[in-house]
Amino acid sequence: MKRPTLDGQVALVTGGGRGIGAALAGALADCGAAVALVARSREQVQDVAAAIGGRGGRAVGYSADVSEPSKVEEVVAAVRADLGPVGILVNAAGVMAPVGPDWEVDPREWWHTLEVNLFGTFLCARAVLPGMLREGRGTIVNVSSSAAYTLQPYTSAYGVSKAAITSHTACLAQSAGAHGVRVFAFAPGFVRTRMTERLASAPAGRPWLGGLARALEEGRVTPMERVIEVFLRLVAGEADFLAGRHVDAREDLSAIIAARTAVEQANLLVLQRPTLEHRSGE
């Protein structure tokens, strides 16, 4: 694919110290954006920033817990001072825990997943939106998952958080879209990362996540190259009508764009409760 030109833009990527976040941050930097990498581990974001710098890009690492409101505000202020106002926000910070039946897991760990995945996404968007609204433009990509609409009986906190992220994306796209800000829910698919490999191999998770391990063993994963391609097409503005909708990297984005009229008329790619009329086709 032809990569977009993002020269002069500043992107903030949470969860940028490894996995999908680091890959998306690297792709943005390769397109010319100055990238702010945010994660709890200072060492990880500094390593990713150094790798980006080594191939000619510009990146700065910041250590912060995205579930802490004051820390998020401090980081966004620091990014603004160091790189400039944020025009692209990628909310990729996330955890997938706890694993097991709800009646056995630690309730505090269950709630912590929502604090990181959902509250962190909200806080980061809230922190950068005033600047985007002043500029009359901006792009927010909230990393969601197919877990938003599929049953997750043994990782319910993760599924609940992703469903809420997709729902919040729709709300935010409606309110901020009138001011020139595009907001997407983006599902990368099942990607081989350190997190998924650790979950698949952890003894505590094996009784509940056998399908995860089999998918990795059989190579049933979404290639990172495809994730990056779809992501960059959203950032480049190829499918702005999908703002507020749930975009899955495993699906054919070109076919979805070609079917725009059907997507909009039937209100597809959103979380919704079908009515009896919808089910019966009346």
Filter result (among the polar types (S, T, N, Q) and surrounded by 18 or more Cβ atoms within 10 Å (Cβ to Cβ)) within the stretch 58-79: Ser67
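How about the stretch 252-271: which of its residues are assigned to a loop (DSSP other than H, G, I, E, B) and exposed (fewer than 13 other Cβ atoms within 10 Å of the Cβ)?
Just the residues of the stretch 252-271 that are assigned to a loop (DSSP other than H, G, I, E, B), to begin with: 252, 259, 266-271.
Scanning the stretch 252-271 gives Asp252, Ala266, Asn267.
Using the structure shown, decide if Val60 is without any contact (Cβ under 8 Å) to a residue 40 or more places away in the chain, of a type in the set (Val, Ile, Thr), more than 30 Å from Ser254 (Cβ to Cβ) and not in a helix (DSSP H, G or I). Reasoning before the result, please.
On the way: without any contact (Cβ under 8 Å) to a residue 40 or more places away in the chain: yes; of a type in the set (Val, Ile, Thr): yes; more than 30 Å from Ser254 (Cβ to Cβ): yes; not in a helix (DSSP H, G or I): yes.
Here the answer is yes, as Val60 does meet what is asked.
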Those helices (runs of 4 or more DSSP H) lying entirely in the stretch 105-180 with at least 1 residues crowded, with 19+ Cβ neighbours inside 10 Å, in contact (Cβ under 8 Å) with a residue 12 or more places away in the chain and among the aliphatic types (A, V, I, L, M): 120-135, 156-177
Unmet criterion (only one of (1) at pLDDT below 95; (2) in a helix (DSSP H, G or I)) for Ala27: (1)
Any hit, the stretch 39-52, residues being surrounded by 23 or more Cβ atoms within 10 Å (Cβ to Cβ), in contact with a strand residue (DSSP E or B) (Cβ under 7 Å, 6 or more places away or on another chain) and part of a loop (DSSP other than H, G, I, E, B): no
The stretch 4-17, subset in contact with a helix residue (DSSP H, G or I) (Cβ under 6 Å, 6 or more places away or on another chain) and assigned to a loop (DSSP other than H, G, I, E, B), residue surrounded by the most Cβ atoms within 10 Å (Cβ to Cβ): Gly16
Residues within the stretch 204-227 that are at pLDDT 95 or above and either in contact with a Pro (Cβ under 7 Å, 6 or more places away or on another chain) or farther than 21 Å from Ala148 by Cβ (or both), tallied: 2
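The values are calculated or read from the model by the stated rules, or taken from the named source; none is laboratory data. Fair warning: this is a prediction, and the values are worked out from it, not measured in the lab. Cβ: placed from backbone, ideal geometry, glycine included. Neighbour counts: every protein chain shown.
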